[in-house]
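Computed from the coordinates by the stated procedures, all read-outs in this text should not be read as laboratory data. Nothing here was measured: the structure is a model prediction, and the numbers come from that model. When we count neighbours, we look across all protein chains shown, and the Cβ atoms used for this are built from the backbone with ideal geometry, even at glycine.
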Amino acid sequence: MSIYKWATSIPVLGMILTITNNYVAGGDFSADDEFAPLTSWIKALWSGVVISVALTVLTLWQQCQMTSLGGCLPKDAFVALPGTIAISVLPNILGFGIGVYALIFALSEKFVKMFHEAAQRANANGEKISVLTLNADMAYPLMVIIIAIAVGLLQQVFKESVWLLVGSWFMVWYSLVKTAGLIGVIFRIGEQALLDKIDAQ
C-alpha cells in the first residue's frame, strides 16, 4: 500500500487529505491515487494562506503592538473571541455552500460535456484540469469552513491558548477567502448555464 493510500485511509484526516489533494491537483484524475506535485500545492494554496496570515496579523497587531500577544487581549475584547465569530457566522455560510454544492448534481449533460471538452483542450496545452475540477473547487471551501468551526469551538473552550487564538483567526479569514473563491465558481457555473439556455432557444 502506498503512503498516499495509507494516509487517506485514516478517518477524518484521510477525507481532509483526499479533498485537499484533489483541490490542489485541479481535479486531476491521478489525485485519487497519489500526492499532487509540490508545485501544485504551492500554486493552489500560497495566495490564500498569505492573505489570511496578513489579515490575522492586522487583526491582532493594533491591540498587541506594545505588549506580548498573550497579555494584551482582554477576555471580552472582540479580537479575543474569534471562536465566537466562527461558530456564529460560518455555519450559515456552510449551509449556503452545501445547498449550492447540491446543484452540481443538477448540471445539464450539455454543460458537463462542454466543460470536459474544455478541460481536454487545456490538458493539450499543458494544464492539469478535468471535469472533476468543479467538484474539488466546491468541496474544498466547505471543508475549510468545517475546520474553522472546529478550531473556533476549541478556542471557546481553551480561551487562554494563544495558539488557538491565532489559529482561529487564521481559519476564520482563510474560510472567508475560500468562500470568495466558491462564489467565483458559482458565478462561472451560472454564467455557463445562462449561455446554455440561450443556445437552446
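Give me VAL100, VAL157 sorted ascending by neighbouring Cβ count inside 10 Å, so fewest comes first. Each step should come with its number before you reach the end.
Values: VAL100 17, VAL157 10.
Ordered by Cβ neighbours within 10 Å, fewest first: VAL157, VAL100.
With a Förster radius of 30 Å, plug the Cβ-Cβ distance of ALA106 and LEU45 into 1/(1 + (r/R0)^6) and report the FRET value to the nearest 0.05.
On the way: r = 30 Å, r/R0 = 0.99.
Given R0 = 30 Å and the Cβ-Cβ separation, E is 0.50.
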Put in order of increasing Cβ neighbours within 10 Å, starting from the fewest, PHE29, PHE105, PHE96, PHE170 give PHE105, PHE29, PHE96, PHE170
